[in-house]
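Structure first, commentary second.
The values are calculated or read from the model by the stated rules, or taken from the named source; none is laboratory data. Predicted model, so just to flag it, every value in this text is computed and none were measured. Ideal geometry is used to build each Cβ from the backbone, glycine not excepted, and the neighbour counts take in all protein chains shown. Accessible surface is based on the protein model in full, side chains and every heavy atom, while ligands, DNA and RNA are left aside. Shrake-Rupley method; radii C 1.70, N 1.55, O 1.52, S 1.80 Å.
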Amino acid sequence: MLDHAKACFEYETYHEGENKIIKIYAERCSFPPSIEYNEVCMSKVIDVLLQNTGVNIIIISQLREYEYDVSQTELLQELARIFRKINHDERYQYSHLVIDPQHERYLRGSFTQFQRLTSKRLKEDPLAAFVELKRMERREKLKLENILDSRHKKSQELFVMALQQVILDLENTRLIKLLMPHSQDYELGKREIYSNIFHPTTRPDFMYTKLVSEFPDGELLESYEFTIDNNSSQVNIFAFDNDVKTLYHITPPEFQFEEEVYQILDDVKRIMSEHKPTKDEFVDPERMREVFFNIGRDLINDIVQQRKLKLTEEQMDQLAQALLRYTVGFGLIELLLADPKVQDVNINSPNGELPIFIVHQDYGECYTNIYPTHLEVESWATKLRLISGRPLDEANPILDTELKVKGFSSRVSALTAPLSPLGLAFSFRRHRDYPWTFPLYLQPKVRMFNPLAAGLLSFLIMNNATLLVAGTRSSGKSSLLGSFLTEMSRRSRIITIEDTFELPQESMRKLGYNLEALKVASALSTQSSEVEPSIGIRSTLRLGDSAIFVGEVRSKEAIALFEAMRVGAAANVVAGTIHADSPYGVYDRVVNDIGVPKTSFKAIDIIVIVNPVISGLKKFKRILRITEVRKEWDEDPLKEGAFVDLMVYNPKTDELEVTDDLINGNSEILKRMAGRIKEFAGDWDAVWNNIELRGKCKQAVMEEFVNINNPEMLEAEFIIQCNEKFQLISDKVKDKAGHLDSDLIYFEYREWLRKEAKKWKK
């Protein structure tokens with residue numbers, strides 16, 4: 001690597017994959033490193049291309065790196081080829097054009113101008129050169145018409161032909177063709193027009209990731225900000241008339257720093273790069289980040305004092321946080337995952353050629369303006385190996401782990417060769433800071449289910465049902481299972497079992513739950529010291545009276561799960577998720593694929609099917625069916641009527657609708673539950689009223705949220721309080737009235753809710 005302190009516009013060439021890259025060092029240049037906005041820079045880049053063949057990516061470094069991709073570099077290469085042709089072809093030489101020496105005095109002035117345009121102006125401002133050559137052509141053709149001397153006329157004809165050939169060559173370049181649609185208001189010498197064509201990705205020297213900073217020519221759908229570590233990032237969402245894709249454009253806080261700040265961060269990063277974190281340090285990532293933050297903060301403070309700069313303590317903290325992201329952290333990935341509206345972040349191979357893709361809660365799948373480099377992607381893989389303590393190599397091409405950073409946590413899946421032959425690929429799934437709640441799902445913009453479904457699920461959970469949430473990948477299974485936790489009483493003991501933590505076990509403990517989280521070996525792991533999932537599930541049966549939540553049922557652990565369901569069927573909730581798209585699909589997967597005995601399958605009480613529904617280009621997550629599994633069947637549950645739908649999604653109304661079986665009380669599961677409760681035994685109306693009451697109470701929270709307009713009211717802290725208050729009021733009314741008077745319970749609950757909601761008013 002060349003020393004950055006070299007003369008202006010020194011450069012080096014190197015290969016990265018199939019690309020030949022030329023990196024130009026412009027730190028000591030007085031002009032800005034912009035091909036589009038600076039004519040000197042454009043001219044010097046053409047000079048460099050004339051000296052080097054086969055270059056298809058240009059990087060200019062001046063505190064930031066400005067990268068012009070293959071398509072933009074080819075525009076400049078084409079211009080360089082024309083320049084070389086004009087200045088080497090004898091047809092354009094003065095000696096070739098002047099046939100009669102006496103015509104020299106007529107041609108010299110025009111040729112001098114032609115030479116200036118084709119040897120200097122063409123490299124600095126090709127459009128201006130093209131326009132001036134066109135004007136010159138008109139003048140010289142008029143001259144030609146007025147020349148009477150045949151000897152002079154021949155020289156003039158040759159000159160006009162040379163002009164016309166140059167103009168034709170320029171006219172056929174892609175650069176001029178792309179510029180012409182923008183030339184309506186063009187003023188000669190104005191360079192803004194080039195910004196329509198040249199869009200370099202940019203990054204400060206201390207970053208590896210490339211970022212397209214300019215806004216595209218599209219429709220701005222939404223603009224918002226989010227904050228991490230007291231730094232604000234700007235997000236703009238764009239749609240396009242002729243493209244179905246949506247762009248998520250982020251402007252990180254470090255792209256808003258002053259130039260002198262970039263130099264500080266670059267210098268500090270060079271110093272810090274001498275100490276690479278060890279494997280032992282990565283065992284405790286939180287502690288490691290704290291140590292590196294303090295080191296970076298001290299170094300920044302020293303440099304600020306040495307250079308007598310004026311930065312506040314808050315500004316230096318912001319710089320230290322940015323530096324932390326680009327040393328031991330995950331760079332712009334951390335900013336994407338810090339956006340509460342981003343659900344998934346995906347990095348595909350081959351690295352460096354494709355943008356990062358995300359899934360946005362409001363706009364679905366989007367591509368971003370961020371292009372990770374091969375070097376950065378490799379560093380992420382190394383960090384994930386150290387954090388997880390698991391291999392990621394040819395023998396173990398899959399790695400599942402968790403990434404936990406202040407402000408967010410996520411599940412990470414990484415792939416490498418030979419499974420991903422083109423290079424490393426990653427998927428980061430962001431976890432909410434707190435679990436989903438039923439009222440959050442009832443929001444108009446979410447509407448995963450309706451209040452009656454919320455009431456039914458609440459009734460089932462409070463009465464210790466065994467449940468499986470089934471759906472396809474990214475259908476919302478784990479989030480829905482997490483919301484079931486908030487319906488549990490804090491008096492219950494809960495055990496969660498997962499190979500990669502996705503359930504909100506840490507936040508549930510902070511909310512006062514008696515919860516034990518067990519971590520077992522991944523089904524995809526070939527080498528691991530972790531306990532097998534089936535052993536983990538069986539161990540819960542020795543841990544006393546507990547509700548059991550299994551993150552995902554994938555393989556042979558299902559046999560142990562159904563054993564747990566059978567043991568705990570009458571005493572505690574047992575719940576999990578599984579990949580399937582229908583109740584029979586669950587049966588087929590569990591019995592035929594995994595090998596669970598049919599008799600054990602009957603331990604399931606309820607199957608909840610969740611899947612995205614499609615409307616045009618948009619996807620919406622919905623509960624499609626809530627189905628009970630009856631026990632009186634022998635061979636085929638589908639043919640023998642074991643699957644009875646209690647609620648079914650109607651795509652025409654976009655609602656989860658009650659079936660006749662549920663309305664008429666034709667539910668063996670609900671009757672069995674009612675039979676264990678004095679107030680419900682033999683009284684279907686009382687059961688139905690309680691289900692409706694629970695749904696009305698969930699809806700009441702939504703209505704108060706609309707009045708108060710504080711999103712925190714829908715989060716777990718308040719919803720758990722609401723659920724417990726509902727139970728306390730129900731017990732109080734039952735003792736007072738002798739039965740569960742739904743109207744009185746709802747009245748008292750609503751009165752309490754109105755008073756409590758006022759405390760949440762902004």
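Things to note:
- Out of Ser478, Ser474, one residue alone is part of a helix (DSSP H, G or I), over 20 Å from Val658 (Cα atoms) and either open to solvent by 10 Å² or more (accessible area, probe 1.4 Å) or touching a helix residue (DSSP H, G or I) at 6+ places or on another chain (Cβ under 9 Å) (or both). It is Ser478.
- Search result, residues across the range 208-224 that are in a strand (DSSP E or B), open to solvent by 60 Å² or more (accessible area, probe 1.4 Å) and hydrophobic (A, V, I, L, M, F, W, C): Leu220, Leu221
- Output for the range 225-266, where each listed residue is open to solvent by 30 Å² or more (accessible area, probe 1.4 Å) and among the hydroxyl-bearing types (Ser, Thr, Tyr): Thr227, Ser232, Thr251
- Residue count for the range 364-419, restricted to those that are charged (D, E, K, R) and touching a Leu at 6+ places or on another chain (Cβ under 6 Å): 2
- Selection from the range 439-471 of residues that are open to solvent by less than 10 Å² (accessible area, probe 1.4 Å) and of a type in the set (S, T, N, Q): Ser458, Thr466
- All strands (runs of 3 or more DSSP E) inside the range 496-588 with 2 or more residues being modelled with pLDDT of 80 or more and under 29 Å from Ala642 (Cβ atoms): 547-553, 574-579
- Where helices (runs of 4 or more DSSP H) fall entirely within the range 632-743, those with at least 1 residues that are of a type in the set (Val, Ile, Thr) and without any contact (Cβ under 8 Å) to a residue 40 or more places away in the chain are at 660-663, 684-708, 716-737.
- Answer from Phe293, Phe330 - the residue that is of a type in the set (Phe, Trp, Tyr) and open to solvent by 10 Å² or more (accessible area, probe 1.4 Å): Phe293
- Criterion: without any contact (Cβ under 8 Å) to a residue 24 or more places away in the chain and not polar (S, T, N, Q) - qualifying residue of Pro439, Pro418, Pro444, Pro391: Pro444
- Looking only at residues of the range 41-75 that are without any contact (Cβ under 8 Å) to a residue 60 or more places away in the chain, assigned to a helix (DSSP H, G or I) and over 27 Å from the mean Cα position of the chain (by Cα), we find that the one that is nearest to Glu258 (Cα to Cα) is Cys41.
- Out of Leu323, Leu354, one residue alone is surrounded by fewer than 22 Cβ atoms within 10 Å (Cβ to Cβ) and either part of a strand (DSSP E or B) or at pLDDT below 90 (or both). It is Leu354.
- Any chance Glu12 is crowded, with 19+ Cβ neighbours inside 10 Å, of a type in the set (D, E, K, R), touching a strand residue (DSSP E or B) at 6+ places or on another chain (Cβ under 6 Å) and outside any loop (DSSP other than H, G, I, E, B): no
- Cross-chain or 6+ apart pairs with Cβ under 7 Å, the range 492-505 first and in contact (Cβ under 8 Å) with a residue 60 or more places away in the chain and among the polar types (S, T, N, Q), then open to solvent by 10 Å² or more (accessible area, probe 1.4 Å) and not in a strand (DSSP E or B): Thr500/Ser522
- Screening the range 726-753 for residues that are surrounded by 14 or more Cβ atoms within 10 Å (Cβ to Cβ) and closer than 17 Å to Glu703 by Cα and picking the one that is farthest from the chain's Cα centre (by Cα) gives Glu748.
- Listed by first and then second residue, the pairs linking a residue in the range 24-35 that is among the small types (Gly, Ala, Ser) to a residue that is surrounded by fewer than 21 Cβ atoms within 10 Å (Cβ to Cβ), with Cβ atoms under 8 Å apart and 6 or more places separating them unless they lie on different chains, are Ala26/Cys8; Ala26/Phe9; Ala26/Ser61; Ser30/Cys8.
Quick grid of which residues meet (1) within 23 Å of Asn690 (Cβ to Cβ); (2) of a type in the set (A, V, I, L, M, F, W, C):
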| position | (1), (2) |
| --- | --- |
| Val629 | yes, yes |
| Trp633 | no, yes |
| Pro637 | no, no |
| Val648 | yes, yes |
| Thr659 | yes, no |
| Glu668 | yes, no |
| Lys671 | yes, no |
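- Filter result for Arg509 (closer than 29 Å to Asp581 by Cα and of a type in the set (D, E, K, R)): no
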